[in-house]
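The values are calculated or read from the model by the stated rules, or taken from the named source; none is laboratory data. All of these numbers come straight from a predicted model, not from anything done at the bench. Every residue, glycine as well, gets a Cβ built from its backbone with ideal geometry; the counts of neighbours run over all protein chains shown. Side chains are part of the model used for accessible areas, which takes the heavy atoms of the whole protein and leaves out ligands, DNA and RNA. Shrake-Rupley method; radii C 1.70, N 1.55, O 1.52, S 1.80 Å.
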Amino acid sequence: MTVTVDLKLLDSSTEFVTEQGGLSADVIKKAFSATEEEFYNLVKLSMHINPQIASVGSCCLLGAISNNVLYIANLGDSRVVLGRRGNESKRSPVVAERLSTDHNVADENVRREVEARHPDDSQIVVYTRGVWRIKGIIQVSRSIGDVYLKRPDFFRDPAFRKYGNPIPLKHPVMTAEPSIITRELGPEDLFLIFASDGLWEQLSDEAAVDIVCKYPRAGIAKRLVRTAIQKAAKKREMRYADIKKIDKGIRRHFHDDITVVVIFLDHHKGSSHGRFKQTTVSCTTAPADIFSLNSEEAEAEKSMLRSVG
């Protein structure tokens with residue numbers, strides 16, 4: 001089950017950042033930790049209404065710019081890719097540079113990282129249903145939520161034990177510790193593509209950057225989503241129009257959910273410090289029918305969140 005978790009927007013003017021003395025990697029870690037703790041408290045309050053909330057989790061991807069420094073932080077396998085020129089010349093080709101780390105055990109390095117944390121558990125990562133999964137359950141190793149895989153005491157809760165077939169844990173098998181990178185932005189940096197893994201399962205980093213370069217800014221995120229769905233349809237030997245007609249729930253078997261945000265980094269001409277104009281944002285979210293929630297689960301979740309909000 002997947003739910004969207006909103007992280008506090010971070011910029012130099014927010015109250016949270018001001019209280020912490022400005023934006024930094026440490027402040028971002030604190031924000032992620034606070035978000036994880038708040039969601040954990042929500043789970044505890046909601047267990048009597050719907051114990052399944054203990055298995056709800058979300059990837060989280062954050063980007064912030066402060067004093068010309070870009071901060072990227074993430075949990076899970078949503079990804080941000082930078083489109084930049086090889087040098088400051090406008091004739092230089094635009095290349096793709098991945099800025100985030102995919103926390104997915106499909107990556108051998110991530111599998112080794114998880115296995116190293118659990119040397120006494122030979123089944124910590126297993127290959128099942130065509131992919132690698134932690135405890136045979138989940139592909140990502142970091143997230144917001146997924147409390148039942150982070151708090152072994154939840155398996156002793158009678159309410160949760162009635163839900164599904166829980167696997168007893170001695171230690172947490174997931175974490176909410178984000179990967180964070182920082183870099184000073186320069187005039188060769190043109191745009192950022194933030195997207196969930198549904199896009200990257202269909203398009204390479206280079207292909208996505210190439211599309212943003214070739215087409216007008218207006219509606220560019222929607223174009224990326226459409227291109228990804230067209231790729232998914234082609235793999236199944238289907239037409240784009242036909243895959244769009246597939247009912248919610250079932251459609252998740254054809255392609256994952258896709259959310260894309262494209263941010264253009266517009267530099268002031270002649271600025272010696274490379275400061276930016278106000279950024280242009282293009283954002284689109286794929287239709288809700290491709291999420292794995294059926295209508296009953298979705299309504300129950302909405303009702304639950306309203307009752308504890």
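Computed values, structure above
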| read-out | value |
| --- | --- |
| Among Pro152, Ile211, Leu199 - extreme Cα towards positive end, dipole of the stretch 116-215, charges at beta-carbon | Pro152 |
| Accessible area of the stretch 91-140 belonging to carbon and sulfur atoms, whole % at 1.4 Å probe | 45 percent |
| Table column - 3J(HN,Hα) (Hz), the stretch 23-39, Karplus curve with 6.51, -1.76, 1.60, x for Gly and Pro | 7, 7, 4, 5, 5, 5, 4, 5, 5, 4, 4, 5, 5, 4, 5, 5, 5 |
| Rough spin-label spacing in nm, given labels placed 7 Å along Cα→Cβ, for Glu19 and Ile49 | 2.4 nm |
| Gyration tensor (alpha-carbon) shape descriptor, the stretch 31-188, a/c threshold 1.5 | prolate |
| Alpha-carbon spread of the stretch 87-128, three principal axes, descending order, Å | 54, 21, 11 |
